[in-house]
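Peer 1: The structure's right below; bear with me while I get my questions together.
None of the figures in this text is laboratory data; all of them are computed from the coordinates on show. Being a predicted model, the structure only gives us computed values, none of them experimental. No Cβ is skipped: glycine too gets one built from the backbone with ideal geometry, and neighbour counts run over all protein chains shown.
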Amino acid sequence: MRTGYVVEDFMTNKPVTVTKDTSLKETSNVMKKHDVNSVIIADGQNLLGIITDEDIVRKLVALGLNPETVTAEQIMEKNMVTTQRKKDLYEAMIIMRDNDIRHLPVVEQGKLYGFITMKDILKIQPELFDILSDKYAMRNSFIKVKKQVRSELI
């Protein structure tokens, strides 16, 4: 299924970024100021990682770490899944679904061009929501079957 829309047409051209040395307190303030749920960690045009609000909760707050001394580099996700500018929105959504992510940097030849989120795609193509709901329905069915098999074995 192709939408006829490419990532480049709907991506954020100027994603919110911080450097790897930025404290988590400052990173959180940047996210609040720009009303975003994630920030890109970059060195100029080079993508280094990403931090989401969930990362801050799970890797900082839940562990009782000090946001003034912990840096973005210490909790950022370094193994980035990315897409290209000319990818169809459907393909970008499949990448997000398959990798269980909601934020997708747009990178080509190591250079950061932009950023697209699940929220951006669903605003443009709400019918793509079915792709997500199918995944979660399949996941829940698998979990139920797994639990049933376990209980039968016991």
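Peer 1: Mind checking segment 1-53 for trypsin sites (Lys or Arg not before Pro) that DSSP puts in a loop (not H, G, I, E or B) and that have at most 12 other Cβ atoms within 10 Å? Spell out each step's value before the answer.
Peer 2: Details: sites: Arg2, Lys20, Lys25, Lys32, Lys33; in loops: Arg2, Lys20.
The qualifying sites are Arg2.
Peer 1: For a label point 7 Å from the Cα of Arg85 along Cα→C-beta, name the residues of segment 38-78 whose backbone N is under 19 Å from it.
Peer 2: Those under the cut-off are 43-48.
Peer 1: Hand me the GluC sites (Glu not before Pro) from segment 1-95 located in a DSSP loop with no more than 10 other Cβ atoms within 10 Å, in residue order please.
Peer 2: For GluC sites (Glu not before Pro) across segment 1-95 that sit outside H, G, I, E and B with at most 10 neighbouring Cβ atoms in 10 Å, the list reads Glu68.
Peer 1: Still on this structure, I have one more. Say each of Lys119 and Asn99 gets a label point 7 Å from the Cα, pointing the same way as Cα to Cβ; how far apart are those two points in nm?
Peer 2: Between Lys119 and Asn99, the label points sit 2.0 nm apart.
Peer 1: Find how much the distance from Ala62 to Glu26 grows on full extension, using 0.36 nm per residue of separation minus their present alpha carbon separation; answer in nm with one decimal.
Peer 2: Contour length minus Cα-Cα distance gives 11.1 nm.
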